1. Specify which of the listed residues (H575, H540) is over 22 Å from E480 (Cα atoms) and either surrounded by 14 or more Cβ atoms within 10 Å (Cβ to Cβ) or modelled with pLDDT under 90 (or both).
2. Take L228 and tell me if it is within 16 Å of the ligand (Cβ to nearest atom) and either modelled with pLDDT of 95 or more or among the hydrophobic types (A, V, I, L, M, F, W, C) (or both).
3. Residues of the range 61-89 being over 30 Å from D273 (Cα atoms) and either free of Cβ contacts under 8 Å to residues at least 12 places away in the same chain or of a type in the set (F, W, Y) (or both), which ones?
4. Among the numbered criteria (1) among the basic types (K, R); (2) in a loop (DSSP other than H, G, I, E, B); (3) within 16 Å of the ligand (Cβ to nearest atom), which single criterion is violated by K45?
5. Given the condition under 32 Å from the mean Cα position of the chain (by Cα), basic (K, R), at negative phi and within 16 Å of the ligand (Cβ to nearest atom), answer yes or no: does some residue in the range 162-179 qualify?
6. Please give the number of the condition E183 fails out of (1) surrounded by 14 or more Cβ atoms within 10 Å (Cβ to Cβ); (2) within 16 Å of the ligand (Cβ to nearest atom).
7. Would you mind stating whether S287 is without any contact (Cβ under 8 Å) to a residue 24 or more places away in the chain and not acidic (D, E)?
8. Residues that are hydroxyl-bearing (S, T, Y) and within 30 Å of L366 (Cβ to Cβ): does the range 530-546 have at least one?
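The values are calculated or read from the model by the stated rules, or taken from the named source; none is laboratory data. This structure is a prediction, so every number in the text was calculated from the model and none was measured. Virtual Cβ from ideal backbone geometry, glycine too; neighbours counted across all protein chains shown.
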Amino acid sequence: MTSEQVREKFLRFFEKRGHTIVPSSSLSSDDPSVLITTAGMQQFKPYYTGEKDPLKDIHPNLGRPLGSKNTVSIQKSFRTSDIDEVGDETHLTFFEMLGNFSFGYKPGLARAGTAEGEPRPPKGGYFKKEAIELSHEFITKELGLTIDYVSVFKGEEGVPLDEESEAIWKSLGVTDIRRFGREDNFWGPTGSEGPCGPTTEIYIKGVEVWNLVFNEFYCHADGKLAKLDTPGVDTGMGFERLMAVIIGETDVFKTDLFLPIVKKLEEVAPNLDEQSKKVFADHLRASAFLIADGIRPSNKEAGYILRRLLRRVIAYEVSRDVHSDLFAVVVPEVAQKFSDVYPGLKNTEEILLVMEEEKSKFQAALGRGMKELTRYEKITTADAFKLYESYGLPFELIKELAPKGAAAHLRREDFDKEFEKHQKKSRAGAEAKFGGHGLLLNTGEIKAGNKEELNKILRLHTTTHLLQAALRKVLGNEVEQRGSDVNARRTRFDFTLPRKMTPEEIMQVEDLINNAIKKDLPVHKVEMSIEEAKKTGALHFFGTKYPPQVKVYYIGNTIKDAFSKEFCNGPHVEHTGEIGQVVIKKEEAVSAGIRRVRVEVI
Ligand code: SER
């Protein structure tokens, strides 16, 4: 059976049983609580909660109401949690998910749609009995597969053992029923809140193939579960895994969803190792889908995910010594295989253009990282980790490109340990409460030993203002100061950002600051009432109590067009030209969501 046949079979099976076929929604999610579409149920969230009526409200993908309380779809999905696992037989970033859904179940009216010849549309949604029976029929009769075993929720944290599902499976002749806990058999919500509930899962040939979620609860942002008025069904079956099981394989890259891509890669790069081949196949296919859905590489949200994928491909091309342009090789294959179902992929020119642009941007950073690498005589594990963090240089690349002998002793296990240590540190940091900002900025108190030091501190203090303004210009106004500390050697500045800065961003921030210095902008101080000061848009700490009169320092000719304006007690230099040249020495995590940069003047 080909994937095209299975696609068709699945949709028709459920359509015949009273389900409306709904096209996949975009990977670029309009649900504000998630970055990207991760599951088929996302586009149906409002139907589970009762916010929308499937029989009356227009569904955005269909242009008309769903017309049934039961739907079926094949959804483009993406999970970031697996990015680092890609390279084995089962992990993917982008995948398709086959699913049937039901909302508005009222006991008594339930039915799994209609068998042929019965009236349509079905009167009500359905729940456990019908959902399990439908999945059983599809797997065993339509696909002719044998179920190894199933799992049900064993009962935990106030949610009872799912005896009902157990009984239904038994009635269908399935005897190997295993009970698992919350980790395995409770699903959702997607994002910070939403429908969720216990699940039952179908295993074939040892592979978990189909996940049936019984949405009985609404999980609120604080983690509290509330019973939904009308429970629903949300099922999801990974297409790639299902195809692997159908062809008797465990490796998803052997299915026809990947084979044309893998073959092409083997053709142009015959010496590639298995792991790299899989990374290329997964990342390039995923990137093509993301771009076709309008996502562009950037430093934020879905755009950042795309950037990570493309950069990994580019770095791998270098480290694996691949000479073909894999973008141009793989994108047409993806289009050929999938564009009948997802027409956005036909636009291969645009997709390639976006990829090439990213390549030209990253090559500069990669080059910078490589240059940095040549400065070492001996690279410690900590250095290697720093190079990885600052320039995105993969471990293998560091080993390969380091000057002769400098990295010979580096071992992957040590690097992995360093990685873990770092992760633990940032987790611990996240738990520790992070408070306050530097004394200097709040009170104007200066701790300088002599005139020279004082002068240096003034230069660095003004730099701190330029830095904050530049960070917001490059990274967006979500950047907020969380702390700062200035001494005669450096300024340290902490701010909100959910990820590390890229090397280019660091360069852009540096450039913005140094340009403002070159222009020799005047630094002004004005005193005004707190109300007036807030109206100027000058930066200040929310929630901090300020006196009725405050000082605002602005850098530029007028307060309106100033490069930077902040509530501050000073003191500062008079003109930015006095600062000299600014370099960002370090960018690192302080805790989850908080970054720290160390800046020096030379
Ligand atoms: N939402 C569940 C999943 O993604 C079932 O569709 O696994």
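1. That would be H575, the only listed residue that is over 22 Å from E480 (Cα atoms) and either surrounded by 14 or more Cβ atoms within 10 Å (Cβ to Cβ) or modelled with pLDDT under 90 (or both).
2. yes
3. If the condition is that a residue be over 30 Å from D273 (Cα atoms) and either free of Cβ contacts under 8 Å to residues at least 12 places away in the same chain or of a type in the set (F, W, Y) (or both), then G63, R64 are the ones that fit.
4. With respect to (1) among the basic types (K, R); (2) in a loop (DSSP other than H, G, I, E, B); (3) within 16 Å of the ligand (Cβ to nearest atom), K45 is out only on (2).
5. Checking the range 162-179: not a single residue is under 32 Å from the mean Cα position of the chain (by Cα), basic (K, R), at negative phi and within 16 Å of the ligand (Cβ to nearest atom).
6. (1)
7. Against the criterion (without any contact (Cβ under 8 Å) to a residue 24 or more places away in the chain and not acidic (D, E)), S287 does not qualify.
8. No, the conditions are met nowhere in the range 530-546.
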